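The structure appears below as structure tokens.
The values are calculated or read from the model by the stated rules, or taken from the named source; none is laboratory data. Computed from a predicted structure; not experimentally measured. Using ideal geometry, Cβ is built from the backbone for each residue, glycine included, and neighbour counts are taken over all protein chains shown.
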Amino acid sequence: MSIKITEWAVEDRPREKLIQKGTASLSDAELLAILISSGTRHKSAVDLGRELLGIVNNNLNSLGKLSINDLKKLHGIGTARAVTIAAALELGRRRKLAEVPDVPQIKCSKDVADIFQPLLSDLLHEEFWILFLNRSNRVINRMKLSQGGISGTVTDVRLVMKKAIEYLASGIIVCHNHPSGNLNPSESDSKITQKIKDAGNLMDIQLLDHLIISDKDYYSFADNGLI
């Protein structure tokens, strides 16, 4: 039977440790223990935190992708605790997004990846986004064009061009994610890229790049000489 946290030395208890030494002093399991609040008869909240991390091989990025039902599969994590953990992880994701600096001018594929990775890297479904640029490659706006399932999303080239015209864009960059983590472009990825490029050429709207985003990296059609 695990020793209750209340029986630990005060300086070792997660809440007290955070107050005295700051958040950075706590392990991931201890931070989760604060969210979990209390343990079970045989396990402390820290034990539950360690078990939860063990499920995802101590990868917080993978933890952020677990659903409420996935979290509840661990004995000792009920609906309320699962919701608390999911909410905390979502706040972390939103903070990451909020910290992405504005990129007034796109100079390379990394500038685009910095915009879209916080938006797309954790998703379990595919989304297709467009970045609208003026003649100086300064960002006019961005928008989500479509949302699909795990393995694909529908992209309407006519709608891409319609929105580009509405924003008076001189150039566009399109971007979508691969939840599988595989960054290799599929045949359909290559075909839709060519269709958008051809349609843009007819309207003097240049397709500058197409990025594929995963949770760890990105693939640029332009960097690989495919545009």
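Data for the structure
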| item | result |
| --- | --- |
| Residue within region 85-108 that is in contact with a Ser or Thr (Cβ under 6 Å, 6 or more places away or on another chain) and surrounded by 13 or more Cβ atoms within 10 Å (Cβ to Cβ) present | no |
| Residue check, I173 in a helix (DSSP H, G or I) and surrounded by 12 or more Cβ atoms within 10 Å (Cβ to Cβ) | no |
| Residues located in region 12-39, provided they are surrounded by 14 or more Cβ atoms within 10 Å (Cβ to Cβ) and either in a loop (DSSP other than H, G, I, E, B) or in contact with a strand residue (DSSP E or B) (Cβ under 7 Å, 6 or more places away or on another chain) (or both) | R13, L26, S27, G39 |
| Region 180-221, residues that are part of a helix (DSSP H, G or I) and of a type in the set (V, I, T) | I192, T193, I196 |
| Any pair with Cβ under 7 angstrom, 6 or more apart, that starts in region 122-144 at a residue that is touching a residue at least 24 places away in the same chain (Cβ under 8 Å) and ends at one that is among the β-branched types (V, I, T) and surrounded by fewer than 14 Cβ atoms within 10 Å (Cβ to Cβ) | L124/I150; H125/I150 |
| Top-ranked residue of region 13-69 - restricted to ones that are closer than 30 Å to S121 by Cα and among the charged types (D, E, K, R), ranked as modelled with the lowest pLDDT | K65 |
| Residue pairs meeting the criteria (Cβ under 8 Å; at least 6 apart or on separate chains; first in the same structural domain as G39 (by TED's automatic domain parsing), in region 69-92; second of a type in the set (D, E, K, R) and assigned to a loop (DSSP other than H, G, I, E, B)) | G76/K43 |
| Identity of the residue in region 114-135, aliphatic (A, V, I, L, M) and modelled with pLDDT under 95, that ends up nearest to S180 (Cα to Cα) | L124 |
| Test: residue in region 89-106 that is under 21 Å from the mean Cα position of the chain (by Cα), part of a helix (DSSP H, G or I) and modelled with pLDDT of 95 or more | no |
| Single unsatisfied condition, F116 versus (1) without any contact (Cβ under 8 Å) to a residue 40 or more places away in the chain; (2) under 17 Å from the mean Cα position of the chain (by Cα) | (1) |
| Residues within region 44-71 that are buried (at least 18 other Cβ atoms within 10 Å of the Cβ) and in a loop (DSSP other than H, G, I, E, B), tallied | 3 |
| Criterion (of a type outside the set (G, A, S), in contact with a strand residue (DSSP E or B) (Cβ under 8 Å, 6 or more places away or on another chain) and at pLDDT below 95) met by exactly one of I196, I227, I205 | I227 |
| Count of residues meeting criterion [outside any loop (DSSP other than H, G, I, E, B) and within 23 Å of the chain's Cα centre (by Cα)] in region 134-159 | 9 |
